[in-house]
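Notes to accompany the following structure.
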Amino acid sequence: MPENVTPESDAAKMQNVAVLGGGSFGTAMAKVLGENGHTVHFWMRDEAQVEEIRTTRMNARYMPDIVLEGKILPTTDLAHAVTSADVVFVAIPSKAFRSVIRDNSGVFKDDQIVVSLTKGIEQQGFKLMSEILLEEIPRCRTGVLSGPNLAGEIVNRELTATVIAAKDPAVRHTVQELLGCDYFRVYANVDVYGVELAGALKNIYAIVAGLASAQNLGENAKAMLITRGLAEMSRFAVSLGANPMTFMGLAGVGDLIATCTSSKSRNFRVGYAVGTGKKLDEAAEELGQVAEGIYTLKLVRDKSEAIGIHMPLVRGLYEILYNDAPIEVVIKNLMNAVQNSDVEFILPRTVAQ
């Protein structure tokens, strides 16, 4: 035992937490929390999934061969999970996020810390998950967790860093204490909107990167796509109020690199499948999990056009996925576009786009 640490002080740090959502990332966070000694009330809809975790300590559909150690209590009773917890982590897909929170808003406690783990955008009103939390449970203290966090690596205890973004310093500190360990490092940020929007936007460019890989584009081309993607997403986010410096950190360029260079990324795999000739529906079905970038793409394309933000990669990917445009034609059009400024916010963009 380290010096100056007593069993009583260790016990004081252990908390009851809830994780809502039994997908890959919810499972990864439940595993980290459980191994850190916390009691984890792990909610999911599927009773068979709950029984499997209860009896085998495994979530075979999302994390085969991974044993969930520690005091992890799977349940289908969301109210019990939330009321038993001091801190709630929400890992529910964006399409169901509001309905689950709204239908259960009454069970959340005053000043309870609720942290979104979901990287997506709600279609109606272009709302981020943190905004949904503020609207549905305004009496709670909220934050978002985002970063280069491939769930498959986290559950194998591979070195990982993430970002907790919250206005309330107590929320940031609490989440750092809950999740931080020798392989999972938690950094802090106050730019909730920027951190969360970066996490949603990078999914689009992971699909682009998967396409590029399937088309056997060279390393130079892949580097160009990643950095131009960073320029696009930061330009778009800053126009909506995000801090541009957020995109130089883990939640921005860090997450973008991880998802654009790894076949472990669900969005990358969807792009790769489309790049090999599969239709979007086929690629999504083959994946068997939610690839948020598919939904985010439509929303960002519509929003960027509505507010006049130039996003050629978003526009090109939209044409490929939803209008069956030939990949080679879209690439050619991108390469024939105006050669504009490199780094956003240093040189003004030319009028012609």
Can you name every residue in segment 69-81 that is surrounded by fewer than 23 Cβ atoms within 10 Å (Cβ to Cβ) and not charged (D, E, K, R)?
-> GLY70, ILE72, LEU73, THR75, THR76, LEU78, ALA79, HIS80
Filtering strands (runs of 3 or more DSSP E) wholly in segment 138-243 for at least 1 residues that are open to solvent by less than 20 Å² (accessible area, probe 1.4 Å) and aromatic (Phe, Trp, Tyr) gives 184-189
Quick one: which residue in GLU286, GLU292 is open to solvent by 40 Å² or more (accessible area, probe 1.4 Å) and of a type outside the set (Phe, Trp, Tyr)?
-> GLU286
Going by the conditions given, is VAL107 touching a residue at least 12 places away in the same chain (Cβ under 8 Å), crowded, with 19+ Cβ neighbours inside 10 Å and either more than 24 Å from LEU287 (Cα to Cα) or in contact with a Lys or Arg (Cβ under 9 Å, 6 or more places away or on another chain) (or both)?
-> no
Hits in segment 128-137 (condition: without any contact (Cβ under 8 Å) to a residue 12 or more places away in the chain and crowded, with 19+ Cβ neighbours inside 10 Å) | GLU131
Among the residues of segment 327-349, is any at positive phi and at pLDDT below 80?
-> yes
Give me a count of the residues in segment 13-61 that are of a type in the set (S, T, N, Q), part of a loop (DSSP other than H, G, I, E, B) and more than 16 Å from VAL82 (Cα to Cα).
-> 1
By residue number, the members of segment 244-255 that are in contact (Cβ under 8 Å) with a residue 60 or more places away in the chain and buried (at least 21 other Cβ atoms within 10 Å of the Cβ) are LEU250, ALA251, GLY254, ASP255
Given the structure, is ALA251 under 23 Å from ILE92 (Cβ atoms) and assigned to a helix (DSSP H, G or I)?
-> yes
Criterion violated by LYS95 - all others in (1) closer than 22 Å to PHE268 by Cα; (2) surrounded by 15 or more Cβ atoms within 10 Å (Cβ to Cβ); (3) out of contact with any strand residue (DSSP E or B) (no Cβ under 7 Å at 6 or more places or on another chain) satisfied = (2)
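The values are calculated or read from the model by the stated rules, or taken from the named source; none is laboratory data. In this text, all values refer to a predicted model and were calculated from it rather than measured experimentally. With ideal geometry, Cβ positions are generated from the backbone for all residues, glycine too; neighbour counts draw on all protein chains shown. Heavy atoms of the whole protein, side chains included, go into the accessibility calculation; ligands, DNA and RNA do not. Shrake-Rupley method; radii C 1.70, N 1.55, O 1.52, S 1.80 Å.
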